[in-house]
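*Asks:* Provided herewith is a single structure, encoded as structure tokens, for subsequent inquiry.
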């Protein structure tokens, strides 16, 4: 994620087209808005439109607008989203659902920055930046003949992939606390923290709905909370089921090792990977912290991400 944010900062000032990929709910629109806010077009609002589950005629009207009398019911001229995004950023979500009939018109916008409204022969010129997102594999759609190859390469100048939440579990506590703080402020609740069991349930759940599901789950828990601590029973049943049902898939040593790894990694991150400060925070000697780091196989990469190098411990060795 840190590499992703660094890339976003680099490309934001440049008006290149960006394709954001990832599962539903991973925060693709939030990333697009962040890129827009860091760009030179941030003085104007980002214009967003989803191409999912809409008839092609409606999408065409929404994107390009129409002239008065262009079709039955067109009682006045209407500007579309492309025109509204002039001097700003156009975000097209679920671009993989865009029909083949409209793809040439979008390609022209990307190539020439111009288009015609429905029912008009006059060309409208625009200065826009285009960011698209999809949860589908566009290269496979190209091979299947469902997406134009030239449009794909126009959109895919810079590709950014948002990993699902289950692949970045260390982000869960930080994201959950952010959602707790914002929800508590919104609903005037006293909630300030999670109980240990609640936090454990959040970290263990698979989150098929990704960040959006996490946000909804925390919001629900905050609404049900009655004090400063959010309890596990206030989470949705699906989220808390994993921690309420005994799990015997891991040995005692494996469970202890995983707990210690998470504790040490979290402390190291909070202390900026300064081992002396981390040792003081944990209440252990610096030498013992170094021993734990080696035993648990924790390494820091250049981007600040912890990596566990799993090496089988001798049967007589137990991380204490």
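*Asks:* With respect to residue 57, is the statement that it is more than 23 Å from residue 165 (Cα to Cα), in contact with a strand residue (DSSP E or B) (Cβ under 7 Å, 6 or more places away or on another chain) and surrounded by fewer than 19 Cβ atoms within 10 Å (Cβ to Cβ) true?
*Replies:* Values: more than 23 Å from residue 165 (Cα to Cα): yes; in contact with a strand residue (DSSP E or B) (Cβ under 7 Å, 6 or more places away or on another chain): no; surrounded by fewer than 19 Cβ atoms within 10 Å (Cβ to Cβ): yes.
No, not satisfied.
*Asks:* Hey, another quick one. Surrounded by fewer than 18 Cβ atoms within 10 Å (Cβ to Cβ), on the phi < 0 side of the Ramachandran plot and at pLDDT 95 or above: does that describe residue 77?
*Replies:* So residue 77 fails the test.
*Asks:* Residues of region 142-175 being over 30 Å from residue 239 (Cβ atoms) and either in the same structural domain as residue 261 (by TED's automatic domain parsing) or in contact (Cβ under 8 Å) with a residue 40 or more places away in the chain (or both), which ones?
*Replies:* First pass over region 142-175, keeping only residues over 30 Å from residue 239 (Cβ atoms): 142-159.
Listed by number, the residues that qualify are 146, 147, 148, 150, 151, 154, 155, 156, 157, 158, 159.
*Asks:* Same structure, new question: Is it the case, given these coordinates, that residue 139 is under 25 Å from residue 89 (Cα atoms), assigned by TED's automatic domain parsing to the domain that holds residue 96 and assigned to a helix (DSSP H, G or I)?
*Replies:* Details: under 25 Å from residue 89 (Cα atoms): yes; assigned by TED's automatic domain parsing to the domain that holds residue 96: yes; assigned to a helix (DSSP H, G or I): yes.
The answer is yes for residue 139.
*Asks:* Of everything in region 176-191, what is part of a loop (DSSP other than H, G, I, E, B) and surrounded by 15 or more Cβ atoms within 10 Å (Cβ to Cβ)? Give them in sequence order.
*Replies:* Let us first name the residues in region 176-191 that are part of a loop (DSSP other than H, G, I, E, B), namely 187-191.
Once the filter is applied, which keeps residues that are part of a loop (DSSP other than H, G, I, E, B) and surrounded by 15 or more Cβ atoms within 10 Å (Cβ to Cβ), region 176-191 yields 189, 191.
*Asks:* Additional query: Within region 274-320, how many residues are modelled with pLDDT of 60 or more and at negative phi? Walk me through how you get there before you give the answer.
*Replies:* Applying the first criterion (modelled with pLDDT of 60 or more) to region 274-320 yields 274-300.
Then drop every residue that is not at negative phi, which leaves 274-282, 284-296, 298-300.
Selection size over region 274-320: 25.
*Asks:* Determine which member of the set 97, 86 is in the same structural domain as residue 141 (by TED's automatic domain parsing), surrounded by 14 or more Cβ atoms within 10 Å (Cβ to Cβ), out of contact with any strand residue (DSSP E or B) (no Cβ under 7 Å at 6 or more places or on another chain) and over 20 Å from residue 46 (Cα atoms). Explain how you work it out, then say what you get.
*Replies:* On the way: 86 fails: over 20 Å from residue 46 (Cα atoms).
Selected residue: 97, the only one of 97, 86 that is in the same structural domain as residue 141 (by TED's automatic domain parsing), surrounded by 14 or more Cβ atoms within 10 Å (Cβ to Cβ), out of contact with any strand residue (DSSP E or B) (no Cβ under 7 Å at 6 or more places or on another chain) and over 20 Å from residue 46 (Cα atoms).
*Asks:* Restricting attention to region 172-219, report how many residues are under 19 Å from residue 262 (Cα atoms) and within 18 Å of the chain's Cα centre (by Cα). Give the steps one after another, and end with the answer.
*Replies:* Initially, region 172-219 is screened for residues under 19 Å from residue 262 (Cα atoms), giving 172-177, 193-207.
Those left that are additionally within 18 Å of the chain's Cα centre (by Cα): 172-177, 202-203, 205-207.
Going through region 172-219 one residue at a time, the tally reaches 11.
*Asks:* If a residue counts only when it is free of Cβ contacts under 8 Å to residues at least 40 places away in the same chain and closer than 18 Å to residue 147 by Cβ, which helices (runs of 4 or more DSSP H) contained entirely in region 18-117 have at least 2 such residues?
*Replies:* 103-112
*Asks:* Something else: When the residues of region 118-136 are filtered to those that are in contact with a helix residue (DSSP H, G or I) (Cβ under 8 Å, 6 or more places away or on another chain) and not in a strand (DSSP E or B), which remaining residue is surrounded by the most Cβ atoms within 10 Å (Cβ to Cβ)?
*Replies:* Ranking the qualifying residues of region 118-136, first place goes to 128.
*Asks:* Evaluate the following for residue 217: is it in a helix (DSSP H, G or I), in contact with a helix residue (DSSP H, G or I) (Cβ under 7 Å, 6 or more places away or on another chain) and modelled with pLDDT of 90 or more? Don't jump to the end; show me each part of the working.
*Replies:* Details: in a helix (DSSP H, G or I): yes; in contact with a helix residue (DSSP H, G or I) (Cβ under 7 Å, 6 or more places away or on another chain): yes; modelled with pLDDT of 90 or more: yes.
It is true that residue 217 is in a helix (DSSP H, G or I), in contact with a helix residue (DSSP H, G or I) (Cβ under 7 Å, 6 or more places away or on another chain) and modelled with pLDDT of 90 or more.
The values are calculated or read from the model by the stated rules, or taken from the named source; none is laboratory data. Predicted model, so just to flag it, every value in this text is computed and none were measured. Every residue, glycine among them, receives a Cβ derived from its backbone with ideal geometry; neighbour counts consider all protein chains shown.
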